[in-house]
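Where a number appears in this text, it was derived from the coordinates with a stated rule and is not lab data. Quantities reported herein were computed from a predicted structural model and do not represent experimental measurements. Note that we place each Cβ from the backbone using ideal geometry, even for glycine, and neighbour counts take in every protein chain shown.
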Amino acid sequence: MAAKRILIVDDEERIREVVRACLVKLAQWDATTAASGTAAIQAAIAHPPDAILLDVSMPGMNGVETFQQLQSNPKTQAIPVIFLTAKVQPAEQAEYNQLGAAGLIIKPFDPVQLAKEISQLLGWS
């Protein structure tokens with residue numbers, strides 16, 4: 001079975017690198033990163049990943065706007081998106097679920113458990 005391809009989108013370089021390192025080292029997944037919503041959309045169109053980990057709070061185009069653009073593009077609408085957020089209010093969580101996101105991972109997350117959490121949310125065994 002081929003390694004899963006994950007696109008990590010976060011405006012904080014440190015978070016992108018921690019997540020990427022964990023997914024590559026612990027799960028042997030192919031992980032690429034993007035620092036903005038615009039870069040994420042371009043990357044997802046050019047090389048569609050198996051899933052996208054998307055930060056909600058980013059300058060410019062935020063995660064929700066990025067998700068909506070991904071959903072409106074036939075080339076990217078089937079890619080499951082998991083929101084990565086520090087915003088944990090029930091109303092916000094309900095909004096992400098209503099949008100059709102594949103799941104939600106709360107920051108701060110446990111780097112060692114991250115690949116397992118992603119796999120569970122997406123039904124990968």
Inset, instruction - Would you please give the residues with an amide H less than 5 Å from that of I6, counting only those at least 5 places away or on a separate chain, with H modeled from the backbone geometry? - result: D30, A31, T32, D50
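Restricting to DSSP H runs of at least four residues, report the calculated mean residue ellipticity at 222 nm for the chain, -39500 (n - 2.57) per run over all residues, nearest 500 deg cm²/dmol. If you can, show how the numbers build up before the last one.
Details: 5 runs with 54 residues, N = 125.
Helices in the chain give a 222 nm mean residue ellipticity of -13000 deg cm²/dmol.
If I take every Cα pair under 8 Å that is 6 or more residues apart in the chain, average their sequence separation and divide by the length, what percent do I get for the relative contact order? Display every interim value, and only then the final one.
Details: 198 pairs, mean separation 29.0, N = 125.
The value is 23 percent.
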Inset, instruction - Using a Förster distance of 30 angstrom, determine the FRET efficiency expected from the C-beta separation of R14 and E65, and round it to 0.05. - result: 0.85
Inset, instruction - Could you pull out every residue, at least 5 positions away or on a different chain, whose amide H is within less than 5 Å of the one on L84? Hs are placed 1.01 Å off N in the peptide plane, and Pro or chain starts have none. - result: L54, D55, V56, I105
